[in-house]
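Taking it in order: structure first as structure tokens, then the write-up.
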Amino acid sequence: MLEPPNWDFSKQHFPENLVSDGWVQAIEGLTRNLCSEPTTPPEYEQEETSRRQIVLETTESEDFEAFLQLVLDNLPLFIFWKDRNSVYLGCNQRFAHVAGFAHPRHIFGKTDDEMPWRPEEREAFLALDRLVMETNTPRYNVIESQRTADGRQTWSETSKIPLRDATGQVIGILGIFQDITERKQAEESLQVAEAKYRSIFENAVEGIFQTTADGQYLIANPMLARIYGYESVTELVDRLTDIQHQLYVDPTRRETFMQLMRDQGAVWGFESQVYRKDGSIIWISESARALKDETGQLLGYEGTVEDITDRKQVEAELLKRDNLLQAVAEATNYLLTAVDFGVAINKTLETLGQAADVDRVYIYENHLHPETTELAMSMRFEWTRPGIEPSITQSHWQNRPYSTFQQMRWYETLAAGQSVHGLTQDFPPVEREILDRDQIRSILLVPILVDDQFWGYIGFDDCRSERRWFKSEESILVAMAISIGGVLKREQAETTIRYQAFHDLLTGLPNRAQFNTHLPASLLGAQQTGQMLAVMFLDLDHFKTINDTLGHAIGDKLLQVVASRLAACLREGDVISRWGGDEFTLLLPRIVHPEDATKIAQRILEALKPPFQIEAQELYISSSIGIALYPTDGEDVQTLLRNADAALYCAKEQGRNNYQFYTPVLTTRASELLNLESRLHQALELGEFILHYQPQINLKTGKVSRMEALVRWQHPELGLIPPKRFIPLAEDSGLIVAIDEWVLETACQQIRIWQQSGLSELRMAVNLSARHFQRPGLVSCIQRILQETQLKPAHLELEMTETTVMQNVEVTIETLHQLHSLGIHISLDDFGAGYSSLGYLKKFPLHTLKIDRSFICDLKANSQDFAIISAIITLAQGLGLDVVAEGVETPDQLELLRVLNCKEVQGYLISPPLSLTEATLFLHHYDQSWIYQDHTC
């Protein structure tokens, strides 16, 4: 093996581009390993002896040498090395290939005479070898021409570096070159391209120029002259001699241009407004560089100019559009989050007006004229820019009939879903006259639709200029109108539901929820003034007989007429409500003597004596009335209501059609309840409570989505006691918490058993009492039960009534969020029968609304109950909630709920509450196709 001396590959012997790329280190190390062994200092010779032997064995191995050669072969350069006589000692595969060898080892010992070079190339290569070795000086980036083994002409850029031994003597040469054939070809192509430059310059689509440093054009192409509006380049050069003051609209832009040149030496996309020859203004974009002589002295500038006027106009429109879109987003947020609708609308109009840079934004509503009942419009909301006179105070924009003022064209256009827009001067004279009253020079109106009905319109006014409206402005105003229409629809639905939440839809009287808000307030007033008040319970005698005999339709109409007569018996400030069914409650504040209540009761009995004419039926009905007085019969709501109820039962026992005041004797009846309460304390310990289960069905899939656990008391003497008899007692006594926990634990255990039997998707619904829900430690209790029963939280659903969640809103929100974070589903039970604020619905992390059965029992197409349920379902869908209708007992009710897109149902039509055995059989044998079958037969 040839052993050349230890060559010195110091970095200073390599060109910068090779050094920076790290090729020197790589080539040096690889070449050493291929060609020599490193020397070892004497003092380490003995210690290195054994290691050198291993290294020699490894180095001399064919595998290692092949590896090093492989590395060289993969370098992106042509590499070779020669001895002092220019005899080749080695190369990489790239060089071997161009030299005509199959493998680098074939080049060993060869000279350039044996290479496929032309004679003149060979002489040039050897001459450069001698020069480098004799002068001991590397030569870099030498351009050489050579021919490959297959006869192709190539060009290379060669660097040759002298190789030195440890003493610094030159003992060879290292050559590194790269193929620059493509670059040479590109240079030749460039020469051809330069010949075409003049044609490109003359026909360029951009302006091209050279100017002096002080702002006079030296060279320009025809396009530059056209951009600036000159007839020729000569005219441009001759007439435009002061660029700063003749060209730029803002002369300081020239100063900025020159400052950028001083700082950067060039500018790119420098945008400015400039004057054309005729004085019109356009936008241009300049890209230029500074021209300097050899000493760095500034000679002038050269560059290109592009007319970007169209683009700037588009950008301005896009900017205005983006501002409007941002305004729409902000305005929509106001509409969705603000509690006060009026405040939200006013903020919306202000945001839109400022973003659109208009003088007036307003909303008109269509309505019937209060006197003539003609179709009219009135301005409801308005925002004006400071300094602009408001129109909302002008009488000509209030109760304005479309026909009287010949504006039916507006109505017909807007009702068809199209906009009304344009310059006032282009409108018909009669319309122009009304617009001129408010100095409106340009107007844009778009319709607001609610449930596809033309509700009104929103508009922009410009009072300062004759403004041409962009299509994007109209589109965005349309989008805003759609948002407002949606909010108006929601507001109407909430108003309807809010009214329905506090009123009985059949009679129009306040309902139980509203009565329950009046009574505490009246009690507080009575306490402060020392006055008496009376609470009455009224029940219609034998109403059920009429209802069952003549039908619900007759019964409903009778209730309506009865309610009207009862209301006519009251004094100002008295309150009557429909408590439920044929029961009414009355609140009589400011009672001076019990006789005052007696007079009202007698008046009611007298008012009901005349017959009722209902659909050709002459009906007679009377009432029984129970009366409790504050403070003698109770000082709180519950006591007064309980004692008035007790007095009502006494009146019925006295033969009906009379009134009775509460007396302590009536407490005898309460002894029965006391016995029940006493036994209730032992019932849980004795295992007398059982659970029944009622399924809830998904109307879309037909599957059983969940089972609701319903507690029953298996009394050893009284038999099966329904919850309505013992739950109130349990709540009053505090036992309800222990019962709730037992129900939860038992229900969770049972759902796990069902899941293990294959019903993996089933969820268990459990009712929580108000007292348990408000109790500290509820969440930890539920967590414990879930852990003990190994039930996943997602398979548990907790049901709470509206009354429960509204008792303490802050505690409710916190507790519900904790339960929600565990993954437990939360359902609001008896929705519509309580008094929850719609504003809180979006704050409660709910999953489901359960429509109260009172809306289902009399459900008919196009009925008030139908409208209520539709509104509730729409509201729930808007809030992303599921809906369950409970109390479904007839096929007609089921079909109507399906039409209303109610997701789930529960009731006796599907199944009554079932015992554990019955429920298990139901789950395993239920056919989900049952829900799609016709049950009306």
>> Starting from 0.36 nm per residue, how many nanometres of slack lie between THR167 and PHE67 once their C-alpha separation is accounted for?
In response: 33.0 nm
>> Please report the antiparallel percentage of the DSSP beta bridges confined to the stretch 688-913, to the nearest 5.
In response: 40
> Which value, in debye to the nearest 20, describes the size of the charge dipole of the chain about its Cα centre when Lys and Arg Cβ atoms bear +1, Asp and Glu Cβ atoms bear -1, and nothing else is charged?
Replying inline: 1940
>> Under 5 Å between amide hydrogens, which residues at least 5 positions from GLU374 or on another chain qualify, with H placed 1.01 Å from N in the peptide plane?
In response: HIS369
> How high is the FRET efficiency from ASP451 to ALA794, r the C-beta distance, R0 35 Å, rounded to 0.05?
Replying inline: 0.45
>> What number does the chain give for Rg over Rh if you use C-alpha atoms and the Kirkwood radius?
In response: 1.23
>> Using the basic label-point model (7 angstrom from Cα toward the beta carbon), what is the ARG183 to ALA479 distance in nanometres?
In response: 5.4
> Around SER622, which amide H atoms from residues at least 5 apart in sequence, or from another chain, sit under 5 Å from its own amide H, with H modelled in the peptide plane?
Replying inline: ASP541
> For the stretch 916-931, in order, what is each residue's ³J(HN,Hα) by Karplus, 6.51 cos²θ - 1.76 cosθ + 1.60 with θ = phi - 60°, in whole Hz (x at glycine and Pro)?
Replying inline: 4, 5, 5, 5, 5, 4, 4, 5, 8, 10, 5, 9, 5, 6, 4, 5
> Once both axes come from the Cα atoms, what is the angle between helix 670-683 and the longest principal axis of the chain, in degrees from 0 to 90, rounded to 10?
Replying inline: 40
> Which GluC sites (Glu not before Pro) does the stretch 209-299 hold that lie in a coil by DSSP with at most 12 other beta carbons within 10 Å?
Replying inline: GLU231, GLU294
> Relative to the Cα centre, what is the charge dipole magnitude of the stretch 204-314, using +1 at the beta carbon of each Lys and Arg, -1 at the beta carbon of each Asp and Glu, and rounding to the nearest 20 debye?
Replying inline: 160
> Counting only residues 5 or more places away or on other chains, whose amide H sits under 5 Å from the amide H of LEU570 once H atoms are built in the peptide plane?
Replying inline: none
> How far is helix 778-789 tilted, in degrees, relative to the longest principal axis of the Cα atoms in the chain, given as a value from 0 to 90 rounded to the nearest 10?
Replying inline: 70
> Which FRET efficiency, nearest 0.05, do ALA521 and GLN439 yield, Cβ-Cβ r, R0 60 Å?
Replying inline: 0.70
>> Over the stretch 204-314, what is the relative contact order in percent, taking alpha-carbon pairs closer than 8 angstrom and at least six residues apart?
In response: 25
> Can you work out ³J(HN,Hα) from phi for every residue in the stretch 595-606, in order, using Karplus 6.51 cos²θ - 1.76 cosθ + 1.60 and θ = phi - 60°, giving whole Hz and x for Gly and Pro?
Replying inline: 4, 4, 5, 4, 4, 5, 5, 5, 4, 5, 4, 5
>> Taking loop as defined by DSSP and a crowding limit of 15 other beta carbons within 10 Å, which GluC sites (Glu not before Pro) in the stretch 456-499 fit?
In response: GLU466
>> If I take every Cα pair under 8 Å that is 6 or more residues apart in the chain, average their sequence separation and divide by the length, what percent do I get for the relative contact order?
In response: 5
>> If I compute solvent accessible area with a 1.4 Å probe over the protein chains, what percent of it on the chain is carbon and sulfur?
In response: 51
> Roughly what would the spin-label model give for ARG198 and HIS369, points 7 Å off Cα along C-beta, in nm?
Replying inline: 8.3
> Which length gain, in nm to one decimal place, applies between ASP242 and GLU389 when the Cα-Cα distance is subtracted from 0.36 nm times their residue separation?
Replying inline: 48.1 nm
>> Give the residue list of trypsin sites (Lys or Arg not before Pro) in the stretch 414-453 that are DSSP loop and have at most 14 other beta-carbon atoms within 10 angstrom.
In response: ARG437
> Using Cα atoms only, what is the angle between the long axis of helix 736-756 and the major principal axis of the chain, expressed in degrees (0 to 90) to the nearest 10?
Replying inline: 50
> Over the stretch 421-498, what is the mean sequence separation of C-alpha contacts under 8 Å (at least six apart), divided by residue count, expressed as relative contact order in percent?
Replying inline: 29
> At a Förster radius of 41 Å, what calculated FRET efficiency corresponds to the Cβ-Cβ distance of LYS842 and GLN425, to the nearest 0.05?
Replying inline: 0.30
> ³J(HN,Hα) across the stretch 252-257 via Karplus (A = 6.51, B = -1.76, C = 1.60, θ = phi - 60°), whole Hz, x for Gly/Pro?
Replying inline: 5, 5, 5, 5, 5, 4
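The values are calculated or read from the model by the stated rules, or taken from the named source; none is laboratory data. This structure is a prediction, so every number in the text was calculated from the model and none was measured. Reconstructed Cβ throughout: ideal geometry from the backbone, glycine too, with neighbour counts over all protein chains shown. Protein only, heavy atoms only, side chains kept; ligands, DNA and RNA dropped before computing areas. Shrake-Rupley method; radii C 1.70, N 1.55, O 1.52, S 1.80 Å.
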